[in-house]
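Reading through the structure tokens given below for one structure.
The values are calculated or read from the model by the stated rules, or taken from the named source; none is laboratory data. None of the values given here were measured: they were computed from a predicted structure. Each accessible area value is taken on the protein alone, full model and side chains, heavy atoms only, with ligands, DNA and RNA left out. Shrake-Rupley method; radii C 1.70, N 1.55, O 1.52, S 1.80 Å.
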Amino acid sequence: MEKKIALLLVMAVSNWLMKVLPVRLLSDRKLPEAFLVWLKYVSVPVLSAMLAIDLFTEKGKLDIMPSNLYLWISVPTFLVAYFTKSLYLTVLMGIIGLALLRL
């Protein structure tokens, strides 16, 4: 039990450091404009790559069959995201939609 708590604390601290260190190290520096423009677009491909893996694979294999519930629920979830631009409503749509499909 003590090892689990220690592991949890180490993971929490390392996660916090990964988020705080770049901000602390770069906050007082002037970054090149080209880097700032590039940085605005980094999250879109990274998030897309992470999402594609979950949507199109099952147990490491390509799964684009109609039985893939993640593909079915992704359509209305993407529509909610596109029209509302709300992360909260998008996540809520994905969670509730998937729960309903699993019933």
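Rounded to the nearest angstrom and listed largest first, the equivalent-ellipsoid semi-axes of segment 1-58 from its Cα gyration tensor are 29, 24, 4. Over segment 7-103, with every protein chain in place, what whole percent of the accessible area is carbon and sulfur at 1.4 Å, could you tell me? Result for segment 7-103: 76 percent of the exposed heavy-atom area is carbon or sulfur. In this structure Phe83 has an accessible area near 150 Å², from a 1.4 Å probe over the protein heavy atoms.
Of Lys3, Lys40, the order by accessible heavy-atom surface (1.4 Å probe, DNA, RNA and ligands excluded), from most exposed downward, is Lys3, Lys40. Measuring only protein heavy atoms, the 1.4 Å probe finds Ile53 accessible over about 100 Å². Segment Val13..Ala99, full-extension length gain: 27.7 nm, with 0.36 nm per residue of separation and the alpha-carbon distance subtracted. Proximity of backbone amide H atoms, modeled 1.01 Å from N, is registered between Asp63 and Thr57, Glu58 at under 5 Å, excluding neighbours fewer than 5 places apart on the same chain.
Only helical DSSP H runs with n ≥ 4 go in: add -39500 (n - 2.57) per run for the chain, normalise by residue count and round the 222 nm mean residue ellipticity to 500 deg cm²/dmol.
Values: 4 runs with 81 residues, N = 103.
Theoretical 222 nm ellipticity from helices: -27000 deg cm²/dmol.
Heavy-atom accessible area for Ser27, with the other protein chains in place and a 1.4 Å probe, reaches approximately 90 Å². Projected onto their three principal axes, the Cα atoms of the chain cover extents of 50, 47, 28 Å, largest first.
The listed residues Asp28, Asp54, Asp63, once ranked by accessible area (1.4 Å probe) with the largest placed first, stand as Asp28, Asp54, Asp63. For the chain, return all DSSP H helices satisfying: extent of Cα atoms along own axis at least 30 Å; mean Kyte-Doolittle hydropathy at least 1.0. Flagged H segments are 2-26, 33-56.
In Å², what does the accessible area per residue of the chain work out to with a 1.4 Å probe?
90 Å²
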